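Heads up, the thing below is written out as structure tokens.
The values are calculated or read from the model by the stated rules, or taken from the named source; none is laboratory data. Predicted model only: the values in this text are computed from it and were never measured. Here Cβ is always computed from backbone atoms with ideal geometry, including for glycine, and neighbour counts include all displayed protein chains.
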């Protein structure tokens, strides 16, 4: 870890790592300021009140600095855990489901804070069951299934390679069934025949959409409008886990 053996030179190796465990492990009767400052001292770092203040302000904890941990909400306690992990200025931050059990508003706020932390140069390794959370903030995705890492790739590349697109066509007149001229396309009816949904691979670039629209025109099937939808990371995750 940064040139240090994590067994024989574990203190130096760990000084580069910040860890936010899923469990809330703090002294319930200690206040926020002392809790975070103590964590910094554990790594042999000299006192730095300006840095501790900066962390607490960044995590919206400054007004709670004198509050005992037991008086804080669950979301605030999780912020304290992040502050503790950042107290010794680590280069890598491990977050084990930091937003588990918090409400949607707080989860959004914490995602924003994680993005801001990343911008400061801290590498964040996040484990989460909220796939939309990973899709929103991650640069690189790893999928674990049955204890094995089955894929790890840049998020945009993964979604481009495995993601499918849907063209949703809203029809003027509903169709009762897929007509023969359209059977060569990956299409399905929805909304009682009022929508025609075409699933295609945008990477192929073989004018699939244009060809389908030409077929509709040739068969006098009129449509009101068109919309497209990209596969989400959650759908790709389900696909990968199902295949492994």
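Computed values, structure above
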item: Any chance residue 155 is surrounded by 15 or more Cβ atoms within 10 Å (Cβ to Cβ), outside the structural domain of residue 51 (by TED's automatic domain parsing), under 14 Å from the mean Cα position of the chain (by Cα) and in contact (Cβ under 8 Å) with a residue 12 or more places away in the chain; result: yes
item: Qualifying residue in the stretch 52-71 (condition: within 23 Å of residue 153 (Cβ to Cβ) and surrounded by 14 or more Cβ atoms within 10 Å (Cβ to Cβ)); result: no
item: Of all residues making up the stretch 49-59, the number that are touching a helix residue (DSSP H, G or I) at 6+ places or on another chain (Cβ under 9 Å) and assigned to a helix (DSSP H, G or I); result: 7
item: Residue 62 being over 21 Å from residue 133 (Cα atoms), without any contact (Cβ under 8 Å) to a residue 12 or more places away in the chain, in the same structural domain as residue 121 (by TED's automatic domain parsing) and touching a helix residue (DSSP H, G or I) at 6+ places or on another chain (Cβ under 8 Å); result: yes
item: Residue match in the stretch 7-16 (condition: assigned to a loop (DSSP other than H, G, I, E, B), touching a residue at least 40 places away in the same chain (Cβ under 8 Å) and outside the structural domain of residue 95 (by TED's automatic domain parsing)); result: no
item: Matching residues, the stretch 26-43, being without any contact (Cβ under 8 Å) to a residue 40 or more places away in the chain and not in a helix (DSSP H, G or I); result: 30, 31
item: In the stretch 94-104, residue nearest to residue 139 (Cα to Cα) [restricted to those that are modelled with pLDDT of 75 or more and surrounded by fewer than 18 Cβ atoms within 10 Å (Cβ to Cβ)]; result: 94
item: Filtered residues of the stretch 23-48 (kept if out of contact with any helix residue (DSSP H, G or I) (no Cβ under 8 Å at 6 or more places or on another chain) and farther than 18 Å from residue 90 by Cβ); result: 23, 34
item: Of all residues making up the stretch 187-218, the number that are surrounded by 15 or more Cβ atoms within 10 Å (Cβ to Cβ), in contact with a strand residue (DSSP E or B) (Cβ under 9 Å, 6 or more places away or on another chain) and modelled with pLDDT of 80 or more; result: 12
item: Looking only at the stretch 152-181, and only at residues there that are in contact with a helix residue (DSSP H, G or I) (Cβ under 8 Å, 6 or more places away or on another chain) and under 14 Å from residue 139 (Cα atoms), the one that is modelled with the lowest pLDDT; result: 159
item: Number of the condition not met by residue 44 [criteria: (1) over 23 Å from residue 100 (Cα atoms); (2) at pLDDT 90 or above]; result: (2)
